[in-house]
Amino acid sequence: MSSFLQKIVDPKKNPLAKMHMKAVSTRLRHYGLRYDDLYDPYYDLDIKEALNRLPREIVDARNQRLKRAMDLSMKHKYLPEDLQVKREREEREALGALPLYQRTLP
């Protein structure tokens, strides 16, 4: 039964799960968050251990994103559009991915 549930919620195998993940990621971008920022270290010990193994700068950046998102949520505001695009571009460059305007469809 667990393998069946894993197939349902795995975005690589279920197109509806992939659409849901994309919708959630789009909403998170309004607050300047990444999808991975939703993982709670108090809920899962593996997440806590993974955060302990990350460099301090990455953990600090995650905490800053979470604080900014909470602040924006309390103010009922979104991150300005130019900052959303700028942050996404900077993140792509840091990961070594091609910028959106240089990508081509197969």
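Per-residue ellipticity at 222 nm for the chain, helices alone: DSSP H runs ≥ 4 residues times -39500 (n - 2.57), over residue total, nearest 500 deg cm²/dmol?
Using -39500 (n - 2.57) per qualifying helix, the result is -20000 deg cm²/dmol.
If the reach is capped at under 21 angstrom between alpha carbons, list the lysines near LYS75, excluding any in the same chain fewer than eight residues apart.
Filter leaves LYS67.
Using DSSP loop states and a limit of at most 10 other Cβ atoms within 10 Å to flag trypsin sites (Lys or Arg not before Pro), what is the longest stretch of the chain containing no flagged site?
On the way: sites that count: LYS12, LYS75, ARG103.
Value returned for the longest uninterrupted segment is 13-74.
Calculated FRET efficiency, VAL85 and LEU51, Cβ-Cβ r, R0 30 Å, to nearest 0.05?
That gives a FRET efficiency of 0.65.
Using a probe radius of 1.4 Å on heavy atoms only, what accessible surface per residue do you get for segment 1-88? Whole Å² is fine.
85 Å²
Find the Cα radius of gyration of the chain, compare it with 2.2 N^0.38 Å by division, and give the number to two decimals. Can you show the working numbers first?
Numbers: Rg = 16.0 Å, N = 106, 2.2 N^0.38 = 12.9 Å.
Normalised Rg, Cα atoms only: 1.24.
Along the Cα→Cβ direction, 7 angstrom out, place labels at LYS67 and THR26. What is the inter-label distance in nm?
The modelled label-to-label distance comes out at 3.1 nm.
In a GNM of the chain with a 10 Å cut-off on Cα contacts, which of ALA94, ALA23, ALA69 has the highest mean-square fluctuation?
Of ALA94, ALA23, ALA69, the most mobile in the Gaussian network model is ALA94.
The values are calculated or read from the model by the stated rules, or taken from the named source; none is laboratory data. Note that the coordinates shown come from a computational prediction; the quantities given were computed from them, not determined experimentally. When we count neighbours, we look across all protein chains shown, and the Cβ atoms used for this are built from the backbone with ideal geometry, even at glycine. Note: accessible area is taken over every heavy atom of the protein model, side chains too, but ligands, DNA and RNA are not part of it. Shrake-Rupley method; radii C 1.70, N 1.55, O 1.52, S 1.80 Å.
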